[in-house]
Every structure is written in C-alpha cells, then in structure tokens.
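Structure first, commentary second.
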Amino acid sequence: MAAAPPAPGAGHDTAESTVWKPFLARAVVSAVFGLVTIFWREPSTLVMSLVGGLYFLLTGAAYLWTHRMSHWGARPLLTDVGGGLLVGAGIASLAFSDERSFAFAGAVALVVAGIAELVRGLGIRGHAAARDLVVVGVVSSATGVILPFVEQLGAHALLGVTGGGALLSAVVLGIAALSYRHDSALSAPATSGAEGEPEPVN
C-alpha cells in the first residue's frame, strides 16, 4: 500500500518546532544584556568591553545556529557573514577594550547581520518567522547605524544604544519562540497519534 502523502504544512510545523530554540536563546542573551545595560548606571570602558564582547559572541553563535538549522530553503551566504562578523565584533571588543573598537566593529556587525536577516525574512514571505526576521533585522541595522554617532559620549551611551536594540529584539524573539513552542506542542500529540494508528487492511 502506498504511503500517505505528508499533511499540508508538515514542513512548516517542522520548521517551527526547531527554530524556537535558537530564537529563545537569542532572546535570553539579548534580554540579560539589555537589563545589565539598564541597571549598571556608570559602566567603565572595561565593563563595556567585557559585557558587550560577551553579548556579541553569544548573539553571533545563536544567530548562526538560527540560520543553519532552519528549514527555510537555501541559506544565503550573507547570513554566515553576518554571524561571523558578530562573533568577530565580540572578539575585537574583548581584545582591544576601547570605545572605538566597540562602536565600529559592533556597527559593522549589527548592520550586516541585520540586513542579512531582513533579506532572508523578505525571501521567506508566507512563513510564520518572516515578519520576526524582518523586525529584528531592522532593529539590528538601526542600532548599528547609530553606534558610531554616540562613540564620543562614552561607554554608557554605547551600552545604552546597544542594550536598547537588544531589548527590542528580545521581546520580538521571545514572543516568537514561545509561540512556536506552544504551536509545536499542540501539534505533537496529533502527529504521534496519527503515526500510531494501525494501517488499514484492503
């Protein structure tokens, strides 16, 4: 007997059941960083470099995880470049510990990574994650554009701008991740029940 064709939207469900994990990881990292920038009133350049460097490193890793495990078709090279630049910005911030390195390395990484996510979001229109990628891409790009203009204001301003963008991204990604997790949990019992039914005898 021929196997039944996959149910419509099965690939979509698979994508949602996997992408919530890196989305949630990115949301948690961004939220923690954003809250640190709010409550640390007078951060030094060293604090900015350490906290900001770790943020870029972890965000870059989660960014690459997002785009390498998703079921959105061919992965654009620009997303790999964007993730690599985020990791590189983290390394530069930790290595050089100055406002200029943080501002310009962070700006380049955030703009490229944001544009890459914006392009990918527009490329998968119709998928549930498309709007989330577009919004996060715009936030990331805008944050990167602003960073060089506040370099002269010091560590507090640089962390404030970066942290503000991180908090906005955390809200979008967190809501999306929890929504996808909820939807995949609801669809799991139905899927497992269908697989466990005995095959009809002709």
State which residue pairs qualify: first residue farther than 27 Å from LEU24 by Cβ and of a type outside the set (Asp, Glu) and inside region 40-61, second residue open to solvent by less than 30 Å² (accessible area, probe 1.4 Å) and outside any helix (DSSP H, G or I) in any location, beta carbons under 8 Å apart, and separation of 6 or more residues or different chains. THR45/GLY154
Can you name the number of the only condition in (1) in a helix (DSSP H, G or I); (2) modelled with pLDDT of 55 or more; (3) open to solvent by less than 50 Å² (accessible area, probe 1.4 Å) that ALA15 fails? (2)
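Mind listing whichever residues of region 39-55 are among the aromatic types (Phe, Trp, Tyr) and buried (at least 21 other Cβ atoms within 10 Å of the Cβ)? So that I can check it myself, show each step before the final result.
Initial filter on region 39-55 (among the aromatic types (Phe, Trp, Tyr)): 39-40, 55.
Of everything in region 39-55, just one residue is among the aromatic types (Phe, Trp, Tyr) and buried (at least 21 other Cβ atoms within 10 Å of the Cβ), namely TYR55.
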Testing ALA62 on (1) of a type in the set (A, V, I, L, M, F, W, C); (2) within 24 Å of TYR180 (Cβ to Cβ); (3) surrounded by 22 or more Cβ atoms within 10 Å (Cβ to Cβ); (4) in contact with a Gly (Cβ under 8 Å, 6 or more places away or on another chain), one condition comes back false. Which one is that? (4)
Being touching a Ser or Thr at 6+ places or on another chain (Cβ under 9 Å) and either within 24 Å of TYR180 (Cβ to Cβ) or without any contact (Cβ under 8 Å) to a residue 40 or more places away in the chain (or both) is the filter here; which residues of region 147-159 pass it? none
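The values are calculated or read from the model by the stated rules, or taken from the named source; none is laboratory data. All figures in this text were calculated on a predicted structure; none of them were measured in a lab. We place every Cβ from the backbone using ideal geometry, glycine too, and count neighbours over all the protein chains shown. Quick note on the areas: whole protein, heavy atoms, side chains included, nothing else; ligands and nucleic acids left out. Shrake-Rupley method; radii C 1.70, N 1.55, O 1.52, S 1.80 Å.
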